[in-house]
Amino acid sequence: MEIRDIFKLRKEGRTEEAYAAILPMYAVHKGHYTTIAMFWVGVDMMKLRYQQRQLEEAYKIFRSLLRLYTTMDDTDLKGQSALMRAALLVFDHHPGFSMLDFITQWGITRLTDEDWTIEQGDGHPIPSIGMRIVGKVFKEVESKPTVEIALKAAPLLAEALKHSPYNMQNQRYKAMIYRIMGKKDKAINIYVHLIKKHRQSYIFHELSELVDDERYKIALLCKAISAQREEKFRQRMRFTLAYLLFSKDKARARYELDKCIAMRKQLGYSITWEMQNLAASLKEVTPVTDADEKSFYREQEVVLKELAM
């Protein structure tokens, strides 16, 4: 069998056969074309192993690809792009894999303009490889919001901002860095600008966690809840809103808490002690109606306009 036969098998989707054929060839001859074939068949095999849920085998292949890449001619940098996509897969399947460490060691400036270009899938825009990598990095930052981690992630965000300075996610990540570094006012300012142009529920929710004024917190949570279509994602926000409303309007607090608890039970989530205690305090209170609460949400738009001024 020759190299062209390997690529023919690969093109036909016969990944297992191509892999079985290239391994002995590469073992005895690590030439230009055998190395290229070994790399691309390895990429296919890694994807296949992930599809088959053979996670450790897939991760082992990924590590082999990293070593192999250093010996391969990759003039057009297509191989590098393939490795970046592979790293995204690894991040999603291996909790111990750090995208922050990986891309810091690799060097985010090595990514090409094509790696920062929005892609298309089924007629819908898909974030670029670069933006997806930065997104994974900031998942790590969010889970471990320390100054050390923020400082390590900052240069990666700086590179992303060069390519997409007005991207909403990049602005959120920038606010996250400011928040961790103790510059909450700057973080709030970014979000205030974002809510003028965007209507995603999580933007209002995140801003509600930053502001201190309870009027603004309540208004932002109302907007976050009304902008969120799925009740399962509303339930935690409803509890926070109920807690804030408890001293101001117990009937509304009861409404929000009832909605929260009902959905948590439906999802099979536990009812926390905080929720149980609040429910006990509101036991004798009659909740407002759906129509009344929706009207209250609309009234909060005035407060939001005040915040955005």
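The values are calculated or read from the model by the stated rules, or taken from the named source; none is laboratory data. As the structure is a prediction and not an experimental result, all values here were calculated from the model. Note: ideal-geometry Cβ built from the backbone for every residue, glycine included; neighbour counts use all protein chains shown.
Can you tell me how many residues in region 279-294 are in a helix (DSSP H, G or I) and touching an Asp or Glu at 6+ places or on another chain (Cβ under 9 Å)?
2
Does Lys196 satisfy the condition of being more than 27 Å from Glu114 (Cα to Cα), at pLDDT below 95 and among the charged types (D, E, K, R)?
The answer is yes for Lys196.
Could you list all residues from region 268-287 that are β-branched (Val, Ile, Thr) and either touching a Lys or Arg at 6+ places or on another chain (Cβ under 8 Å) or under 18 Å from Asp249 (Cβ atoms) (or both)?
Ile271, Val285, Thr286
Just for region 38-78: of the residues that are polar (S, T, N, Q) and within 20 Å of Leu111 (Cβ to Cβ), which one is farthest from the chain's Cα centre (by Cα)?
Only one residue fits best here, namely Thr75.
Specify the residue that is surrounded by the fewest Cβ atoms within 10 Å (Cβ to Cβ); the eligible residues are those in region 243-253 that are within 33 Å of the chain's Cα centre (by Cα) and over 19 Å from Asp212 (Cβ atoms).
Looking at the filtered set, the residue picked out is Arg252.
Mind telling me which of the residues Met99, Met84, Met72 ends up being at pLDDT below 95, closer than 21 Å to Lys47 by Cα and not aromatic (Phe, Trp, Tyr)?
Of Met99, Met84, Met72, the one residue that is at pLDDT below 95, closer than 21 Å to Lys47 by Cα and not aromatic (Phe, Trp, Tyr) is Met72.
Residues being over 35 Å from the mean Cα position of the chain (by Cα) and β-branched (Val, Ile, Thr): count how many of those fall in region 7-28.
2
Would you be able to tell me the number of residues in region 61-88 that are closer than 16 Å to Met38 by Cβ and without any contact (Cβ under 8 Å) to a residue 12 or more places away in the chain?
5
Of the residues Ile218, Ile190, Ile203, Ile180, which single one is within 21 Å of Arg132 (Cβ to Cβ), modelled with pLDDT of 95 or more and surrounded by 15 or more Cβ atoms within 10 Å (Cβ to Cβ)?
Just one listed residue meets the conditions, Ile203.
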